[in-house]
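Everything below concerns the one structure shown next.
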Amino acid sequence: MDRKRKRNVGNKYIILLVALICFIACKEEVEKPVIKEELAVVEEPEEILEFGFNLNDYIVKRDTIRRGDSFGVILERNKVGYPKIFHIAEKAKDTFDIRRLQIGKPYTLLCSKDSLELPKCFIYQPTMEEYVVINFHDSIHAYTSRKPIKYIEKTATGVITNNISETLEEQGLSPRLAYKMADEIYAWTIDFRRLQKGDRFKVIYTDKYIDDTIYTGVHNIKAAFFEHNNEPFYAFEFMTDSTKGIIDYFNEEAKNLRRAFLKAPVKFKRISSRYNLKRRIAVYGYKVRPHKGTDFAADIGTPIMATANGTVTESARRGGNGNYVKIRHNATYETQYLHMSKRKAKVGQFVKQGDVIGWVGMTGNTGGPHVCYRFWVNGKQVDPFKQKLPEAKPISDSLKVKYLEFIKPLKYQLDNIFFKPEIEEEEPEQTIITQANS
Ligand SMILES: [Zn+2]
């Protein structure tokens, strides 16, 4: 009997214990979310980092340098006294000359987070990437730094219906992609004024961002594929000289896409008259007046560039040519540039491709501002657009192996970008309007 009671008591204890454990466990389960909520409340506000500071620690005042502003004027306006301003300027001068502030450039003041709002730090941004910090919180120290840059790789495809700019614009892509393809990468291999409907392209390029947020445009094209008249043209960016930073585009067989000659001696050009041996002109009574040059119309003062490396053999003002410069490039090639407003080349001078040798004008026999570009092969004037121009510096044999390895993954990537399936135009739904004759 006694034993039985004991067991009963024991059982009661066990039941109680289980109930207690259950109670605690259940209670914990209930309480858990409460704890979580409390943690969320305590959590610190998110850091806003810029210029290496947590902006939450300050009252941030942003402005741009205005006419009449100086370092002193700005600080004085923000309740800093002149003795202190002189002291700061003196201490900072080895890093940054405060007189170099330019109108229109942004600056930021980090001020104390109290009712006084006293400036503790002056940050000036001479460029989008660069900034100067003059910190006078405790001790005075100044330094220059750069904002973090990020390059984001992107791809794009397009099919030409009219011209490349339109195709890019329709997709909201940067016009810089067109410029880079037409004037830098394929300037020698594809005539972008003669694209065909259905020509198409794929590009792998990078966009540049400052501080993760500020978009500054297309940085570079790493690889491109252009199908023109059903013919494929690959292009891969490759650095051939890392010390000089020389970058060129080569095709899948390591052939340089650039030629020894620029296509034109001026940028932003319009060809106003092509090489034509049978040209007839009204003012000459429609007699044949062969035009052995190519005229590029451009505004007066547009820089004229040497289209290839060479030595200046003539620089003079003479008759119908007006101000002109002639360059010998090698035993085979010579070029000449007429009607300049001003020359910038001396006989005997060595010029490099792209060097400015004069400016567009109207000297000599001309009806409007243009540069008449003449091209000689073995002493005979020819049409440069009909020439197979010599390849620019070919890739060296040792680099070629490296190049072909380098482009393998890029080419694979390019080949696996697919053109968006063309949206088939649906037949517009026919709405039949029946008119009730009354
Ligand atoms: Zn001409």
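The values are calculated or read from the model by the stated rules, or taken from the named source; none is laboratory data. This one's a predicted model, so the numbers in the text were calculated from it and none came from an experiment. Don't worry about glycine lacking a Cβ; one is built from the backbone with ideal geometry, like all the others, and counts go over all protein chains shown.
For region 27-49, state whether one or more residues are surrounded by fewer than 13 Cβ atoms within 10 Å (Cβ to Cβ), at pLDDT 90 or above and among the small types (Gly, Ala, Ser). Write out each step before concluding.
The first filter runs over region 27-49 and keeps only residues surrounded by fewer than 13 Cβ atoms within 10 Å (Cβ to Cβ), leaving 27-49.
Retained after the next criterion (residues that are at pLDDT 90 or above): none.
No, region 27-49 contains no residue that is surrounded by fewer than 13 Cβ atoms within 10 Å (Cβ to Cβ), at pLDDT 90 or above and among the small types (Gly, Ala, Ser).
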Report, by residue number, each residue of region 320-333 that is more than 14 Å from the ligand (Cβ to nearest atom) and surrounded by fewer than 20 Cβ atoms within 10 Å (Cβ to Cβ). 328, 330, 331, 332
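Answer yes or no as to whether residue 252 is at pLDDT 90 or above and assigned to a loop (DSSP other than H, G, I, E, B). Reasoning before the result, please.
Working: at pLDDT 90 or above: yes; assigned to a loop (DSSP other than H, G, I, E, B): yes.
Yes.
Collect the residues in region 188-210 that are surrounded by fewer than 18 Cβ atoms within 10 Å (Cβ to Cβ) and at negative phi, keeping them in residue-number order. Steps first, please.
Going through region 188-210, the residues surrounded by fewer than 18 Cβ atoms within 10 Å (Cβ to Cβ) turn out to be 189, 191, 193-194, 196-198, 200, 206-208, 210.
Once the filter is applied, which keeps residues that are surrounded by fewer than 18 Cβ atoms within 10 Å (Cβ to Cβ) and at negative phi, region 188-210 yields 189, 191, 193, 194, 196, 197, 200, 206, 207, 208, 210.
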Take residue 256 and tell me if it is out of contact with any Pro (no Cβ under 8 Å at 6 or more places or on another chain) and away from the ligand (no atom under 16 Å from the Cβ). no
Write out, first by first residue and then by second, each pair whose Cβ atoms fall under 7 Å of each other, whose residues are 6+ apart or on separate chains, and whose first residue, in region 334-348, is more than 12 Å from residue 265 (Cβ to Cβ) while the second is charged (D, E, K, R) and surrounded by fewer than 23 Cβ atoms within 10 Å (Cβ to Cβ). 334/326; 334/328; 347/314
Residues satisfying the stated conditions in region 50-69, i.e. surrounded by fewer than 17 Cβ atoms within 10 Å (Cβ to Cβ), over 33 Å from the mean Cα position of the chain (by Cα) and not in a strand (DSSP E or B): 57, 68
Taking region 79-138 only, how many residues are assigned to a helix (DSSP H, G or I) and surrounded by 19 or more Cβ atoms within 10 Å (Cβ to Cβ)? 5
Please specify each residue of region 283-307 satisfying the condition of being at pLDDT below 90 and away from the ligand (no atom under 16 Å from the Cβ). 285, 286, 287
Just give me the residues in region 337-361 being within 12 Å of the ligand (Cβ to nearest atom) and more than 33 Å from the chain's Cα centre (by Cα), in sequence order. 338, 339
Single unsatisfied condition, residue 357 versus (1) assigned to a strand (DSSP E or B); (2) free of Cβ contacts under 8 Å to residues at least 40 places away in the same chain; (3) closer than 14 Å to residue 313 by Cα: (2)
Going through region 300-320 in order, the residues found to be under 25 Å from the mean Cα position of the chain (by Cα) and not hydrophobic (A, V, I, L, M, F, W, C) are 302, 303, 307
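Among what's in region 121-165 and is among the acidic types (Asp, Glu) and touching a Ser or Thr at 6+ places or on another chain (Cβ under 8 Å), pick the residue that is nearest to residue 62 (Cα to Cα). Spell out how you get there, then give the answer.
Quick first cut of region 121-165, residues among the acidic types (Asp, Glu) only: 129-130, 138, 153.
Still in the running and touching a Ser or Thr at 6+ places or on another chain (Cβ under 8 Å): 130, 153.
Working: 130: 16, 153: 32 Å.
Taking the candidates together, the pick is 130.
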When you scan region 219-262, how many residues do you find that are aromatic (Phe, Trp, Tyr), under 26 Å from residue 197 (Cα atoms) and within 18 Å of the chain's Cα centre (by Cα)? 2
Would you call residue 179 in contact with a Lys or Arg (Cβ under 7 Å, 6 or more places away or on another chain), surrounded by fewer than 20 Cβ atoms within 10 Å (Cβ to Cβ) and not in a loop (DSSP other than H, G, I, E, B)? no
